[in-house]
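Peer 1: The following block contains the structure, expressed as structure tokens.
Derivation of every value follows stated rules applied to the coordinates shown; laboratory data play no part. As the structure is a prediction and not an experimental result, all values here were calculated from the model. Counting neighbours? That spans all protein chains shown, and the Cβs are built from the backbone with ideal geometry, glycine included.
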Amino acid sequence: MKTRQYSIKVFEIELVDEGKFIAFFEKNYQFFQNHLIVINGKENKQIKEYLNSKELKHVFNLTLPKRVSDKSVNPPVPTPRKTTEKVQTNLKVIDKLIRSGQELKIDGDLLLLNRVNSGGTIIINGTLIIIQIVDGSIRCNGNFMMLQASHKANIVFHDVEVDNKYLQDKLKKVELINNEIVITPVLKETSWV
Amino acid sequence: MGIVIAVISGKGGVGKTTTTANIGLGIAQNGKSCVVVDFDIGQRNLDMLLGLENRVVYDMVHVMDENISIKQALIKSKMSPNLSFLAASQTKDKSVLDSAKINKLISSLKEDFDFVILDAPAGIESGYEHTIEFADRAIIVVNPEVSSIRDSDRAIGILDSKSQKVKNGEDVEKYLIINRINPQMVQSGEMLNSEDILEILSIPLLGKIPEDKAIIDASNQGKPIVLNESSSAGQAYKRVSARLCNEKVDFVDVETFNRGFMQKIKEIFT
Ligand SMILES: Nc1ncnc2c1ncn2[C@@H]1O[C@H](COP(=O)(O)OP(=O)(O)O)[C@@H](O)[C@H]1O
Ligand SMILES: [Mg+2]
């Protein structure tokens, strides 16, 4: 299996007014040919078609690890430090299925684009983000973890076993704040007015 | 130059030997020349399933260590002139195998046959490693249960790190056979369904073989089930064999449980 890692530039923009949005890109689109455009706002077919016609790569509402958690989160949760401060620079991006009996040891941060199967292990001293399901075991001593784990998984964060039931239904962020493990969902529920 | 296929599973008793015998014969019936080789040292089984148990004179170790030619050791199947068989040694000493000798044996089989199929032993020890070492492809046989899936996941990991092809920077093609599917149990949720298995193992599907009682009788008689046109497992092995010979064969649903005709009639009246 081939893996590759590279960094890309992300341009984040809020979509409020469709007309203004298009006008902006009409003027500036050449600058964003090599960017990933992250649009925050309601998914919009017209905007998509417009950006496609300009061959601009884009996604709607992608929460990237550098962003501060949503401020609307309930007050009892201690406010996490800005994630930006916690991301180190030696990030590895790997797209490899971690199978039973395999152990991946990482010195630094890791973005894993694949699964961790039951019996597979990741040991990491940096930040860990896994975007597919974890059935295996994780030992992470980094600033934070972002993952979703099944009931089979064994997740240990800073030598503390994290109860799987908090990690099961969606992608969660796990971090250590004042010696306490805090788990928050990465994507916030839509709040209806 | 023939293609070398290792039939592996990690866990024992999931149907590797049954699969080897049936696809070997199935491929032969498709008009390709095929040799099946028993790598399960000390446990000789494949000869029995092919109805050749009392015909073994020389085995693999005689060929590698003594002056016996491959021609002398190969046994031709009575069921198809295209199928030959090379027996495992009965010795209990599993260290008889050595990479250089295996390489030589497999290389010469590749020259004479379109397909060289190796039946792996259970487990992931040296016998297993020798089976995968010179394989071009692997067929992973699993049963729809978690222990089988996990053991084969492990076996795939070893295949991906220890086979000669991988060491040369190439890929060993991997295909999945899900064996002993019981439609009733899949539908009641007692058995893992194929989609879940494919997602965990993340290799392409070669075929699904249903649970079929007729396999026991077929094994006892030394007549692989693929010869039995009315058996569901036999038909499934036939489709798998055709796919291996590069024919396009549609996948057949073997997971939906067909209630019997009488059962349906009863339901209408109750
Ligand atoms: N599809 C099937 N339906 C019913 N019985 C099966 C099926 N496949 C295999 N078996 C039975 O399972 C047992 C183990 O099969 P075998 O091929 O010897 O496994 P392995 O070589 O992996 O140890 C045998 O008794 C065989 O008859
Ligand atoms: Mg066997």
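Peer 1: Once you list every other residue whose beta carbon is under 12 Å from the beta carbon of B:L50, what net charge do they have if Lys and Arg are +1 and Asp and Glu are -1?
Peer 2: That works out to +1.
Peer 1: Just to verify a number: FRET efficiency for B:Q221 and B:N54, C-beta to C-beta distance, R0 = 22 Å, to 0.05?
Peer 2: On the way: r = 14 Å, r/R0 = 0.64.
Between B:Q221 and B:N54 the formula returns 0.95.
Peer 1: What is the extension gain from A:E14 to A:E103, computed as 0.36 nm multiplied by their sequence separation minus the C-alpha to C-alpha distance, in nm to one decimal?
Peer 2: Net length gain for the segment: 28.0 nm.
Peer 1: Here's a follow-up. Considering every residue in B:150-161, what mean count of other chain Cβ atoms within 10 Å of its Cβ is obtained?
Peer 2: Shielding by partners across B:150-161 averages 5.
Peer 1: Quick one: what are the phi-derived ³J(HN,Hα) couplings along the stretch B:28-39, Karplus 6.51/-1.76/1.60 with θ = phi - 60°, whole Hz, x for glycine and proline?
Peer 2: Listing the rounded values in order: 4, 5, 7, x, 9, 7, 8, 10, 9, 10, 8, 9 Hz.
Peer 1: Also: With a cut-off of 8 Å between alpha carbons and a minimum separation of six or more residues, what is the relative contact order of chain B in percent?
Peer 2: 25 percent
Peer 1: Now for a separate question. Please figure out what share of the DSSP beta bridges in the protein assembly as shown is antiparallel and state it in percent, rounded to the nearest 5.
Peer 2: 20 percent
Peer 1: Any of A:K96/A:K188; B:K78/B:K110; A:K92/B:K165; A:K2/B:K223 with alpha carbons more than 32 Å apart? Name them for me.
Peer 2: Checking Cα-Cα distances, A:K2/B:K223 exceed 32 Å.
Peer 1: Arranged from highest to lowest average of other beta-carbon atoms within 10 Å per residue, in what order do the peptides B:198-205, B:69-76, B:167-174, A:128-135 appear?
Peer 2: The most tightly packed comes first, giving A:128-135, B:198-205, B:69-76, B:167-174.
Peer 1: Pop a pseudo-label 7 angstrom from the Cα along the beta-carbon direction at both A:S150 and A:E26 and give the gap in nm to one decimal.
Peer 2: About 5.1 nm, to one decimal.
Peer 1: A further question follows. Hey, can you grab everything whose amide H is under 5 Å from the amide H of B:L205? Only 5+ residues off in sequence or another chain; H modelled, so Pro and N-termini drop out.
Peer 2: Close amide H contacts, sequence-distant or interchain: B:L176.
Peer 1: Can I ask one more? Go through the stretch B:146-154 residue by residue and turn each phi into a ³J(HN,Hα) via Karplus (6.51, -1.76, 1.60, θ = phi - 60°); whole Hz please, and just put x for glycine and proline.
Peer 2: The phi angles translate into 4, 5, 5, 4, 5, 5, 6, 4, 5 Hz.
Peer 1: Here is a follow-up. Sum up the charges of everything whose Cβ sits under 10 Å from the Cβ of A:T3, counting Lys and Arg as +1 and Asp and Glu as -1, but leave A:T3 out.
Peer 2: Values: positive: A:K2, A:R4, A:K92, A:K96; negative: A:D95.
Once positives and negatives cancel, what remains is +3.
Peer 1: What do you get for trypsin sites (Lys or Arg not before Pro) in the stretch B:189-258 restricted to DSSP loop and a cutoff of at most 12 other Cβ within 10 Å of the site's Cβ?
Peer 2: Answer by residue number: B:K213, B:K248.
Peer 1: List the residues whose amide H sits under 5 Å from the amide H of A:E12, counting only those 5 or more places along or on another chain, with H placed 1.01 Å from N in the peptide plane.
Peer 2: Amide H neighbours of A:E12: A:V38.
Peer 1: Sticking with this one: Over the stretch A:91-185, what is the relative contact order in whole percent, taking alpha-carbon pairs under 8 Å and six or more residues apart? Kindly include the intermediate steps, with their values, before the conclusion.
Peer 2: Working: 272 pairs, mean separation 17.6, N = 95.
Once normalised by length, the contact order is 19 percent.
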